[in-house]
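The values are calculated or read from the model by the stated rules, or taken from the named source; none is laboratory data. These numbers were taken from a predicted model, which means no experiment stands behind them. Backbone-built Cβ (ideal geometry, glycine too); neighbour counts: all protein chains shown.
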Amino acid sequence: MNILIIGTGYVGATTAMVFAESGWQVTGLDVDAGKIERLRQGRLHFHEPGLEDLIAKHVSSGRLLFTTDKETAIAGHEVIFICVGTPSQPDGNADLRYIRQASEDIGHWMNGYKLVVTKSTVPIGTQEQVKAWIEAAQRQPHLFDVASNPEFLREGKAVEDALRPDRIVIGTDNAKAAEQLLTLYQSFQCPRIITTPRTAELIKYASNAFLATKITYMNELARLCDEFEVNVNEVATGMGLDPRIGPSFLQAGLGYGGSCFPKDVLELVMTARKLQVPLRILEEVMEVNRTQFTYLLDKARTRLGDFANKNIAILGLAFKPDTNDIREAPALRIIHELLLEQANVRLFDPVATLPAHASYQAVTVCSLVEEALHNADAVILCTEWPAFGQLDWENLKGHLKQLNFFDGRNMMDARLMRGIGFYYQGIGNDY
Ligand code: UDX
Ligand code: UDX
């Protein structure tokens, strides 16, 4: 079987690499000629540790090809994975226009049997729509099957997650399609779940929404920890040792961001509202997450009096470490608010860059931490890049005007920072 991947973003590029690594012949198709040109040279258009080397390896061996030619690509492959984006529409529901485009392209150019698999996160019931879109676009009748095979990749850890998944979920009503997908994943050692398409689609949303809830629970608890002068990191450690709870995703901070949690929680909430079975817990999760960054900003404002003409050093822009993705990054919200309140913002991030939008032009983007700290009245740490944990604050403090440190990711040791002379506040970890 040869495999076509439509969409070569984070999910598509990683999926293409995984199948090439498993020994299959793979082609990546994208409408963006610039991305495809880079990929053909074995270069990535985003930052994802370890992925570029593996892509380059398979481009060199010829096992991984990239193209913008829809007709040849669709006609020449039997198994087609749809990995295009599913962003939120203004009303909160997922925008399926790219899924529809890919489905119609498949219908239009298919020349024989195809197995079409949605890997993008799509609302429950989308698979039935994909089927209808393909059928409607067919120029002559050809047999095809559709299946859902959701991705569970974390940015920054996509290679690890893709090569060693903890489960493979296959949603299809068709035994032949399930068999084909099991063959594609035959070299993987993890549980497989074969289920209905709707169940597979819901497993993905339910997983992301649960993880977002877990984080949000800790974020809310961190506010209570502040009242009791208890360290939320220690509470998380104590909780996480219970195997029923587990240690991961208990890290309190500025709230969850990224291309998945915010849009997936919103989509589930909106769909449930429409069906009049409101998901009240998730409604609250969204609300707590919306106000989480202001919780730290309020602490900083109280300390400084106000932000007008204050120099604020922002450390970290990416929504999490090891990625240059800034979609729904809490740092963007913080910067936006600081600019509204007339602060002077200096920003350092090891890889992420600000959008070329007029509203961010007032930000001074620095290529060194020291430059960002220059004459600062306060530091706000927004992303827990490991390199920030290695910084020698005893040496760096001379760059600042005032020693104020607001730790949005509870990365620093409060006692250590205070020992150096900083006024330090995190999110429930100051004790
Ligand atoms: C996205 C979603 O964020 C995620 O929830 C979902 O599970 C998969 O899709 P991501 O890979 O991060 O994940 O999306 P993005 O980086 O936007 O990549 C999508 C790619 O599809 C882009 O390269 C885009 O050019 C391409 N595309 C889009 C097509 O090839 N054809 C189209 O019609 C539309
Ligand atoms: C997520 C899911 O984990 C992945 O399975 C899915 O398919 C795609 O969406 P991703 O968004 O790349 O992956 O990153 P993730 O590590 O889940 O972090 C999401 C957000 O939660 C980040 O903003 C991160 O900073 C935040 N987070 C995570 C916390 O605030 N605390 C935690 O303990 C963990």
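Can you confirm whether the range 232-249 contains a residue that is farther than 17 Å from residue 121 by Cβ, more than 14 Å from ligand 2 (Cβ to nearest atom) and buried (at least 20 other Cβ atoms within 10 Å of the Cβ)? Within the range 232-249 (the criterion being farther than 17 Å from residue 121 by Cβ, more than 14 Å from ligand 2 (Cβ to nearest atom) and buried (at least 20 other Cβ atoms within 10 Å of the Cβ)), the answer is no, since none of the residues qualifies.
Take the conditions (1) within 16 Å of ligand 2 (Cβ to nearest atom); (2) farther than 28 Å from residue 327 by Cα; residue 61 misses just one of them, which is (1).
Could you tell me which of the residues 306, 349, 322, 298 is touching a Pro at 6+ places or on another chain (Cβ under 6 Å) and of a type in the set (Asp, Glu)?
One residue alone meets the criteria, 322.
One residue stands out among those in the range 90-107 that are in contact (Cβ under 8 Å) with a residue 24 or more places away in the chain, part of a helix (DSSP H, G or I) and not basic (Lys, Arg): the one that is farthest from ligand 1 (Cβ to nearest atom), which is 107. Mind checking whether some residue in the range 115-130 is among the small types (Gly, Ala, Ser), in a loop (DSSP other than H, G, I, E, B), surrounded by fewer than 16 Cβ atoms within 10 Å (Cβ to Cβ) and more than 14 Å from ligand 1 (Cβ to nearest atom)? Yes - at least one qualifying residue is present in the range 115-130.
Note on the range 93-113: among residues that are touching a strand residue (DSSP E or B) at 6+ places or on another chain (Cβ under 8 Å) and closer than 20 Å to residue 201 by Cβ, the one that is farthest from ligand 2 (Cβ to nearest atom) is 106.
Would you tally the residues in the range 250-279 being outside any loop (DSSP other than H, G, I, E, B), within 16 Å of ligand 2 (Cβ to nearest atom) and aliphatic (A, V, I, L, M)? Result for the range 250-279: 3.
Checked against (1) polar (S, T, N, Q); (2) part of a loop (DSSP other than H, G, I, E, B); (3) away from ligand 2 (no atom under 16 Å from the Cβ), residue 86 meets all criteria but (3). Would you check which residues across the range 147-181 are within 20 Å of residue 44 (Cα to Cα) and part of a helix (DSSP H, G or I) and list them? Passing the criteria: 158, 159, 160, 161, 162, 163.
Would you mind stating whether residue 70 is closer than 23 Å to residue 122 by Cα and modelled with pLDDT of 95 or more? Yes. For the range 71-109, residues that are over 20 Å from residue 138 (Cα atoms) and among the acidic types (Asp, Glu) total 2.
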